[in-house]
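Here is the structure we will look at, set down as structure tokens.
FYI, it's all coordinate maths here, none of it is from the lab. Note that the structure is predicted; figures quoted are calculated from it, not measured. We place every Cβ from the backbone using ideal geometry, glycine too, and count neighbours over all the protein chains shown.
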Amino acid sequence: STPWQILLRGFAGIGFPSMFIYVASLTYRYLVIMLHAASELFLTRQSRVVTQSPIVKDQGIVGGAIAAIFGKTLTLSEDVNYSMISRGWTGQMKSISQLALRKQDAAFICISLPSLAYLLYLSRTVQ
């Protein structure tokens with residue numbers, strides 16, 4: 001599978017707006033952070049529980065957990081924003097690796113485009 005940063009770099013290379021790439025990158029990062037925070041919260045809850053509790057109490061715990069995760073990620077997002085600004089964030093994503101069109105990429109394009117054209121032709125003739 002293609003690593004996320006390389007995929008975003010490819011989107012930038014084909015002309016996607018930088019704001020889209022920036023938002024997609026941060027969304028992915030914060031989803032991972034939120035999932036990690038949620039798994040930590042529920043693991044700590046499970047390690048403290050000895051008996052089964054009523055469903056109403058569990059619903060209250062889940063609501064509180066959602067609020068705690070939201071608070072943690074909001075604080076984290078503000079901290080990340082301040083640190084990015086203090087390090088000179090200009091709105092452009094920088095990557096160490098340079099993307100280049102390889103032979104495998106060209107072969108994939110040469111096979112995919114005619115195949116797509118043929119499938120489109122078939123879908124129009126069948127109707």
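Worth a mention:
- Alpha-carbon Debye profile of region 5-44, log10 I(q)/I(0) at 0.21, 0.32 Å⁻¹: -0.64, -0.98
- Given R0 = 25 Å, the distance between the Cβ atoms of TRP89 and LEU43 translates into a calculated FRET efficiency of 0.15.
- Structural descriptor for the chain: relative contact order 35 percent, calculated from alpha carbon pairs under 8 angstrom and at least 6 residues apart.
- For the chain: rounded, prolate or oblate by the Cα gyration tensor [a/c cutoff 1.5]: oblate
- Screening the chain for whole DSSP H helices with an alpha carbon extent of at least 24 angstrom along the helix axis and a mean Kyte-Doolittle hydropathy of at least -0.5 yields 18-48, 55-86, 103-126.
- Mean residue ellipticity, 222 nm, helices only, the chain: the sum of -39500 (n - 2.57) across DSSP H runs of n ≥ 4, divided by residue count and rounded to 500, is -27000 deg cm²/dmol.
- Simple label model, 7 Å out from Cα along Cβ direction - CYS110 to SER53, nm: 6.4
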